[in-house]
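What follows is a short report on a single structure.
The values are calculated or read from the model by the stated rules, or taken from the named source; none is laboratory data. Keep in mind it's a predicted model, so treat the numbers as computed, not measured. Here the Cβ is made from the backbone with ideal geometry for all residues, glycine too, and neighbour counts use every protein chain on show.
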Ligand SMILES: Nc1nc2c(ncn2[C@@H]2O[C@H](COP(=O)(O)OP(=O)(O)OP(=O)(O)O)[C@@H](O)[C@H]2O)c(=O)[nH]1
Ligand SMILES: [Mg+2]
């Protein structure tokens, strides 16, 4: 039996009300030991007004909501004590409950119990945190899809498709005498794997976009000195955050700023102009800038449209060539020539719409991302990719006419990766699958 846990569910600060949560088999009896009413015989969700009492002393007047498990957030008997929002009162009540047999909850322990009691799956558990931490309406919306279980539903069809294929292979091996069962030949296996991979690829693509909406995108601004990087940072931020002068080598350190562009959060990093220099401080800045090229998820290379490209520009284009990048021609107000179809802006004059559009295009953000459920964190997307790798191994084995046993092993691994997304790591009971799907031995 798990211990009964207690914790403050609201922020530890002065406010009108605070909520203390107690969960576990003993929660009704623990609370009853210090509440003016008895919860022990409660059988359905009940709200009660009363006092929290410590040895005849009234600590506070409270509202208590008792949720009889399994109809509670954690699936256990759960009590919410709504007290006045003073940290002193809340702490006193929590200490009193601990003295009556509860234990202080660890971080995330309530959600963990909900997961263990199958009230929520792992995607939903992760979403609780994401909803709380969301800083934009769009990020919150994506997390709410996950919390509601909509994202988990995306996974079920994939689960079923993989299980179907495994079952078909197994039933072909184990019951060759059944004539009405489709033959699991090479073509069938390959075409099924292709179909599953199409779904997984789509989930991954959408997931990566949703992750960007949720977490934001690290965008580095690079270029040789004096091309207008800091002016661009300021124009994007709408404030004079970085120092701008006409002296080459003005920016030495990295200047950071966050903006939200139509729901897309950008973590901007303005860097020192990259060039060879004898100045010790400037060189440190240049090395920092080079290091940030690796870190950035999107690179903006700024070129000066008022001058011909030179070796310094070409070196920076070379340094960034493997990154997702946007090449920007700045100072278009002074331009001598700008190649067709390039992104041309004037940072100084706040004329940067072309770049904003290019950022949206580079990330592939469209309305769809905001309005449909999608997997949206590194763990979930990593597992999708892992499942695709296992499926590709199975496909390669099938193409090379390797045994179906071997193919089955990779399919099982893919299946497990998909289960792990939801936190289900139980072994697939293949005999049950076979019987339920094909009615073999009926
Ligand atoms: N005409 C014009 N001048 C610009 C534009 N953008 C920036 N400048 C000017 O170019 C000069 C350099 O701008 P910065 O933003 O400091 O350039 P930087 O790339 O950050 O330079 P470093 O920090 O030295 O690497 C300043 O005098 C700016 O006013 C533009 O779009 N048009
Ligand atoms: Mg600068």
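Before moving on, here are some points about what is shown:
- Condition met for residue 241 (closer than 30 Å to residue 371 by Cβ and either within 12 Å of ligand 2 (Cβ to nearest atom) or surrounded by fewer than 12 Cβ atoms within 10 Å (Cβ to Cβ) (or both)): no
- A single entry from 364, 273, 285 fulfils the requirement of being closer than 25 Å to residue 216 by Cα and not assigned by TED's automatic domain parsing to the domain that holds residue 247: 364.
- Test: residue in the range 229-236 that is touching a residue at least 60 places away in the same chain (Cβ under 8 Å), crowded, with 17+ Cβ neighbours inside 10 Å and near ligand 1 (Cβ under 6 Å from one of its atoms): yes
- Single unsatisfied condition, residue 281 versus (1) farther than 19 Å from residue 325 by Cβ; (2) away from ligand 1 (no atom under 14 Å from the Cβ); (3) free of Cβ contacts under 8 Å to residues at least 40 places away in the same chain: (2)
- Of all residues in the range 61-69, at least one satisfies being in contact with a strand residue (DSSP E or B) (Cβ under 8 Å, 6 or more places away or on another chain) and at pLDDT below 95.
- Members of the range 254-279 found to be farther than 19 Å from residue 317 by Cα and within 10 Å of ligand 2 (Cβ to nearest atom), listed by number: 255
- Out of 282, 308, sole residue that is away from ligand 2 (no atom under 16 Å from the Cβ) and on the phi < 0 side of the Ramachandran plot: 308
- Within the range 127-179, considering residues that are in a loop (DSSP other than H, G, I, E, B) and in contact with a helix residue (DSSP H, G or I) (Cβ under 9 Å, 6 or more places away or on another chain), the one farthest from residue 394 (Cα to Cα): 136
- Of the criteria (1) outside any helix (DSSP H, G or I); (2) surrounded by fewer than 22 Cβ atoms within 10 Å (Cβ to Cβ); (3) more than 9 Å from ligand 2 (Cβ to nearest atom), which one residue 220 fails: (2)
- Screening the candidates 345, 381 for the property of being in contact (Cβ under 8 Å) with a residue 40 or more places away in the chain, within 30 Å of residue 222 (Cα to Cα) and within 16 Å of ligand 2 (Cβ to nearest atom) yields one hit, 345.
- Each residue in the range 238-254 was checked for being closer than 18 Å to residue 350 by Cβ and within 34 Å of the chain's Cα centre (by Cα), and 5 pass.
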